[in-house]
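Chemist: Have a look at the structure that comes next, please.
The values are calculated or read from the model by the stated rules, or taken from the named source; none is laboratory data. Since the model is a prediction, treat every value here as computed from it, not as a measurement. Please note: Cβ atoms are built from the backbone with ideal geometry, for glycine as well, and neighbour counts cover all protein chains shown.
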Amino acid sequence: MNVSAHIEAVYAEVCRRNAGEPEFHQAVGEVLHSLAPALHAHPEYLEARIAERVCEPERQVIFRVPWVDDQGRPQVNRGFRVEFSSALGPYKGGLRFHPSVNLGIVKFLGFEQIFKNALTGLAIGGGKGGSDFDPKGRSEGEIMRFCQSFMTELYRHLGEHTDVPAGDIGVGGREIGYLFGQYKRITNRFEAGVLTGKGIGWGGSQARTEATGYGAVFFAKEMLATRGEGFEGRKVVVSGSGNVAVYAIEKVRALGGTVVACSDSSGYVVDEDGIDLELLKGVKEVRRGRLSSYAEAKPKARYSERGSVFEVPCDVALPCATQNELAGQDAGALVKNGVVAVAEGANMPCTPEAIETFREAGVLFGPGKAANAGGVATSALEMQQNASRDVWTFAQTEARLASVMQSVHAECRATAETYGGSADDYVLGANIEGFLRVAEAMTAQGVV
Ligand code: NDP
């Protein structure tokens, strides 16, 4: 069989069967178009039609989420859970609450999650979920009632050995608390391993909150080290100002770099002194406010609602907000300003054109499924602690996180070289390494 023709046929069929889901097509296209060397080397995976099978979720659940707002008016949202692959372990992946959420976005995230989770080397399958509920401007009571209604349907699909959600955009520790409380009430079980990202005092893991941001910086550190460089004295731009962004900023600072800009969906702030983390955390985490109030509190900082945070000159860029936030034009600006490395803290933040621009310019590029794998890896460590009723220290957990990120980085490079690419081709390495791990398990487990 002609491998390239086979890949094109699979891709065309995925687009046809999943019409109107451009983000899902993009995520599938990126993986499939890396796989030719792996399928040449492993004709048995071609024979077993692994590529077609892995693109079809094992199960997709869509449900109504009714709730009552503070004015006593009924509201209705749509809930999703896509259980994509259980080849390597229980479905694992976060829940996103954002008005843009639709089935295609959940499927792109779930698909990415399969290979990311495989790369961690831990026993977790891939899934993702969420709702088009917009938490912005909602009261505590409304958030709690929404989470309770969401879980009242979702609980029947979950379980520590079945499907284990965590947070994502719009879902942090507060929401995980309400979701866990409702799961416990309905099932009458304190099943700690059913959700990750829990509070430290009731089954959560140290360093889980920090893990995705810290992990992305550890990955970027490894990439820089291949060129004999590090974060010390480097200027860094981080997009977003949520969970991933805040802890990426914290770790860059700890490693001697200066984060000069960050953003939210309304604009970006430039602070040449280095983003003041305590101020940022106060604005975003404590008051759940807008980034514009950072600049109001610190007159030396500049806030802009026009243009892009990626126009700010830097050595390293860490996109940590959302999908397709960094387009070809932004990549061009980063290259022109001399960026050395880009690591994706978010899922698929760089468009295909942006990735091509980085490749042509020789910029080190760490794709999300490798660079942001630290979050889910630490979730798996949380599950491990829950299963053994153990509690690890922050230092212990962070050391495990750092070692997972080092090995993900090393394996991406080694696999890229084995399959005929340059060691710097992290896209090739991550896609092939993740695919091979899943393909091996799928083949061994038969046609299920
Ligand atoms: P948060 O909700 O904590 O923060 C999201 C940030 O991104 C906010 O600053 C938000 O701005 C901004 N943002 C969201 N949507 C948009 C948009 N459409 N345009 C511009 N900015 C936007 O989410 P997380 O930090 O948890 O997640 C960020 C990214 O990291 C996502 O891609 C997520 O999938 C990925 N990720 C998260 C993991 C985790 O452990 N949390 C694990 C792995 C990946 P605003 O407040 O204005 O909406």
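Chemist: Which of the residues spanning the stretch 330-350 are in a helix (DSSP H, G or I) and either among the β-branched types (Val, Ile, Thr) or in contact with a Phe, Trp or Tyr (Cβ under 9 Å, 6 or more places away or on another chain) (or both)?
Modeler: Step one: of the stretch 330-350, the residues in a helix (DSSP H, G or I) are 330-336.
Result: Asp330, Ala331, Ala333, Leu334, Val335.
Chemist: Still on this structure, I have one more. Restricted to the stretch 232-248, and to residues that are more than 22 Å from Arg174 (Cβ to Cβ) and buried (at least 24 other Cβ atoms within 10 Å of the Cβ), which residue is farthest from the ligand (Cβ to nearest atom)? First the steps, then the outcome.
Modeler: Of all residues in the stretch 232-248, those more than 22 Å from Arg174 (Cβ to Cβ) come to 232-239.
Next cut, buried (at least 24 other Cβ atoms within 10 Å of the Cβ) only: 236-239.
Details: Val236: 16, Val237: 14, Val238: 10, Ser239: 7 Å.
Only one residue fits best here, namely Val236.
Chemist: In addition: For the stretch 343-351, state whether one or more residues are surrounded by fewer than 24 Cβ atoms within 10 Å (Cβ to Cβ) and closer than 21 Å to Val237 by Cα.
Modeler: Applying the first criterion (surrounded by fewer than 24 Cβ atoms within 10 Å (Cβ to Cβ)) to the stretch 343-351 yields 351.
Still in the list and also closer than 21 Å to Val237 by Cα: 351.
Yes, the stretch 343-351 contains at least one residue that is surrounded by fewer than 24 Cβ atoms within 10 Å (Cβ to Cβ) and closer than 21 Å to Val237 by Cα.
Chemist: Within the set of pairs 6 or more residues apart or between chains, which connect a residue that is over 17 Å from Glu210 (Cβ atoms) inside the stretch 166-189 to a residue that is more than 15 Å from the ligand (Cβ to nearest atom) and of a type in the set (Val, Ile, Thr) with Cβ atoms less than 8 Å apart?
Modeler: That search, which allows pairs on different chains as well, returns Phe180/Val194; Gln182/Thr152; Tyr183/Val194; Ile186/Thr152.
Chemist: Among the residues of the stretch 178-198, write down those that are within 15 Å of the ligand (Cβ to nearest atom) and over 19 Å from the mean Cα position of the chain (by Cα).
Modeler: Leu179, the sole residue that qualifies.
Chemist: Among the residues of the stretch 293-304, are any among the acidic types (Asp, Glu) and part of a loop (DSSP other than H, G, I, E, B)?
Modeler: Residues of the stretch 293-304 among the acidic types (Asp, Glu): 296.
Imposing the further condition that a residue be part of a loop (DSSP other than H, G, I, E, B) reduces the set to none.
Looking through the stretch 293-304, none of the residues is among the acidic types (Asp, Glu) and part of a loop (DSSP other than H, G, I, E, B).
Chemist: Sticking with this one: For the stretch 339-367, how many residues meet the condition of being small (Gly, Ala, Ser) and touching a Pro at 6+ places or on another chain (Cβ under 7 Å)? Give the steps one after another, and end with the answer.
Modeler: Applying the first criterion (small (Gly, Ala, Ser)) to the stretch 339-367 yields 341, 343, 345-346, 354, 361-362, 366.
Narrowing further to those that are touching a Pro at 6+ places or on another chain (Cβ under 7 Å): 345-346.
Residues that pass the stated criteria total 2.
Chemist: Determine whether Ile114 is crowded, with 22+ Cβ neighbours inside 10 Å, more than 30 Å from Asn188 (Cβ to Cβ) and either more than 10 Å from the ligand (Cβ to nearest atom) or of a type outside the set (Ser, Thr, Tyr) (or both).
Modeler: Working: crowded, with 22+ Cβ neighbours inside 10 Å: yes; more than 30 Å from Asn188 (Cβ to Cβ): yes; either more than 10 Å from the ligand (Cβ to nearest atom) or of a type outside the set (Ser, Thr, Tyr) (or both): yes.
So Ile114 fits the description; yes.
Chemist: Quick check on the stretch 294-317. Is at least one of its residues under 21 Å from Asp168 (Cβ atoms) and surrounded by fewer than 22 Cβ atoms within 10 Å (Cβ to Cβ)?
Modeler: So far as the stretch 294-317 goes, no, none of its residues is under 21 Å from Asp168 (Cβ atoms) and surrounded by fewer than 22 Cβ atoms within 10 Å (Cβ to Cβ).
Chemist: Further, regarding this structure: Can you find, within the stretch 256-288, the residue that is nearest to the chain's Cα centre (by Cα) among those that are near the ligand (Cβ under 10 Å from one of its atoms) and exposed (fewer than 15 other Cβ atoms within 10 Å of the Cβ)?
Modeler: So, considering only residues that are near the ligand (Cβ under 10 Å from one of its atoms) and exposed (fewer than 15 other Cβ atoms within 10 Å of the Cβ), the one nearest to the chain's Cα centre (by Cα) is Ser265.
Chemist: May I pose another question? Does any residue of the stretch 180-202 turn out to be under 23 Å from Ala410 (Cβ atoms) and either at pLDDT below 95 or surrounded by 23 or more Cβ atoms within 10 Å (Cβ to Cβ) (or both)?
Modeler: Here is the first cut: in the stretch 180-202, the ones under 23 Å from Ala410 (Cβ atoms) are none.
Among the residues of the stretch 180-202, not one is under 23 Å from Ala410 (Cβ atoms) and either at pLDDT below 95 or surrounded by 23 or more Cβ atoms within 10 Å (Cβ to Cβ) (or both), which makes the answer no.
Chemist: Same structure again: Taking Lys251, is it over 17 Å from the mean Cα position of the chain (by Cα), closer than 24 Å to Leu326 by Cα, away from the ligand (no atom under 16 Å from the Cβ) and in a helix (DSSP H, G or I)?
Modeler: Values: over 17 Å from the mean Cα position of the chain (by Cα): yes; closer than 24 Å to Leu326 by Cα: yes; away from the ligand (no atom under 16 Å from the Cβ): no; in a helix (DSSP H, G or I): yes.
It is false that Lys251 is over 17 Å from the mean Cα position of the chain (by Cα), closer than 24 Å to Leu326 by Cα, away from the ligand (no atom under 16 Å from the Cβ) and in a helix (DSSP H, G or I).
Chemist: State whether the residues of the stretch 45-64 include one that is in contact (Cβ under 8 Å) with a residue 40 or more places away in the chain and farther than 30 Å from Ala9 by Cβ.
Modeler: yes
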